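Reading through the structure tokens given below for one structure.
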């Protein structure tokens, strides 16, 4: 039997003992008993229901038999007026779990931010909201909290245990960043790389695509400085969204005339996000701690962990062949570097944060004399110093705020003349935190950079940097 349900949007109003339906045929008014029947039928159709189930429910409510003809006539009318429709299965969200940061600046269009958030939720996106200082004049923070089920970020200094540096943590978390609406001031900050405000700092720090939706008076939008800034954003690879037709709220209501300048409508932004996420490859999130790394290693097939089948590249192999002595292999994984070094005659200590990975490395090493240790490089329990320390893909996996702890461990395990070999990504396509040789030099002030060699790691562009302890 066919089920029917109330349409998602209906135009019905009750007044006293009457009910009026506004449908394709015009206004239809029902009074007294007829109105009571209409209300009961609509209430029961809040969930999909068949005609027979409806009649049975009406009979149970009235305590007696319900005449069939009035009910059938009413059902036919409600279907004709598109009040009752066939239920449609809710499709799975197309972008379930995709991570979007929505930056909101102090333009009046911010009052419609909940509409945009709901549209992004309908796509399946997980949305985190960041605000500029002035945007709070237009928004209700409790409402946004309730809507997203996440805290609303309001300041560079709003630190929590899981987000000690909010602009970096949000920038790394995002797969897409949207600044909507984007005021002239926020656009200027972003174009200049000014990180004095949370939203502009997130945009500057993120490796994810960034969508900017300008929103301002048409004269401001056309001003040369604003146009120069928008040109910079386009040059920097940002997506700049064309605005929509609106009015200037600074004018009295009776004096307002249409103009272009207000931010694109939330529905337009949602469609743009749908298009962009179709072409943005989902970025896996790096494990945050030892327990998360262990879950990754213990539950993920090895062929889905890209670094487990990377052979040592020629540049690293040559660097190892040029030396000897005690070698520390950080984050050994399945033991690739440790095994190669042991075969070259090094006395190898190989560390790993995951017990599962360490077991895989031990089995792969068979009888080679390698000391394997469960250890976290940012809170190490190792002793002694080494002649060579190799980091092939560890540093770029660490949260940026833990790099200093990593550097302290390296310094403690080094002596004069220790060689540090670091292989790290130079691009952010694989969800790692890319590094440049200059950043490594700044991180290790007691080392000097000896050489920098382009290479690849897990299919991504990388560098091998050789540093020497003074």
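Rule-based calculations on the coordinates, nothing more; no lab input. Since the structure is predicted, the reported quantities are computational estimates derived from the model, not experimental observations. As a convention, Cβ positions derive from the backbone with ideal geometry for all residues, glycine included, and neighbour counts pool all protein chains shown.
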### Among beta bridges that DSSP assigns inside the range 332-466, antiparallel share in %, nearest 5
50 percent
#### Entry: Sorted by Cβ density within 10 Å, fewest first, the residues 410, 12
12, 410
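What list do you get for 104, 9 if you sort them by fewest beta carbons within 10 Å?
Numbers: 104 29, 9 6.
If I rank by nearby Cβ atoms, fewest first, I get 9, 104.
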### Query
Antiparallel DSSP bridges in the chain: what percent, to the nearest 5?
50 percent
### Query
For labels at residue 251 and residue 322 in the simple 7 Å Cα→Cβ model, what's the distance in nm?
7.0 nm
### Task
Evaluate the relative contact order of the range 3-85 (contact order divided by residue number), counting alpha-carbon pairs under 8 angstrom at least 6 apart; express in whole percent.
36 percent
### Query
Using mean Cβ contacts within 10 Å as the protection proxy, how do 333-340, 154-161, 368-375 order, highest first?
333-340, 368-375, 154-161
### Message
Please compute, for the alpha-carbon atoms of the range 99-279, the extent along each of the three principal axes and give them in descending order in Å.
### Response
50, 34, 33
### Task
Taking 7 Å along the Cα-to-C-beta vector as the label spot, tell me the residue 80-residue 274 distance in nanometres, rounded to one decimal.
3.4 nm
### Message
Can you give me the Rg/Rh ratio for the range 210-345, using Cα atoms for both radii and the Kirkwood formula for Rh?
### Response
1.30
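Evaluate 2.2 N^0.38 Å with N set to the residue count of the chain, then give the Cα radius of gyration divided by it.
On the way: Rg = 30.9 Å, N = 470, 2.2 N^0.38 = 22.8 Å.
My calculation over the Cα atoms of the chain gives 1.35.
Mean separation of Cα pairs under 8 Å and 6+ residues apart, divided by the residue count of the chain: what relative contact order is that in percent?
On the way: 833 pairs, mean separation 39.3, N = 470.
Taking the mean separation of contacting Cα pairs over the length of the chain, I get 8 percent.
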### Summary
Kirkwood-based Rg/Rh on the Cα set of the range 30-119 evaluates to 1.23
#### Entry: Inter-centroid distance (Cα atoms) of the range 55-119 relative to the range 164-215, Å
36 Å
### Task
Can you tell me the relative contact order of the range 339-426? Whole percent, Cα pairs under 8 Å, sequence separation 6 or more.
28 percent
### Message
Can you tell me the length gained on complete extension of the stretch residue 159 to residue 299, counting 0.36 nm per residue apart and subtracting the Cα distance?
### Response
47.2 nm
### Query
What share of the DSSP beta bridges in the range 202-356 is antiparallel, in percent to the nearest 5?
25 percent
### Message
Taking only the Cα atoms of the range 290-469, how large is their convex hull per residue, in Å³?
### Response
106 Å³
### Extension reserve of the residue 363-residue 235 stretch, reckoned as 0.36 nm per residue once the Cα distance is removed
41.0 nm
### Query
Of 136, 363, how do they rank once you tally other Cβ atoms within 10 Å and put the fewest first?
363, 136
### Summary
Residue span residue 442 to residue 146: 0.36 nm per residue of separation minus Cα-Cα distance leaves a gain in nm of 102.3 nm
### Query
Based solely on its DSSP helices, what 222 nm [θ] is calculated for the chain when runs of n ≥ 4 H residues each add -39,500 (n - 2.57) and the sum is averaged over all residues, nearest 500 deg cm²/dmol?
-10500 deg cm²/dmol
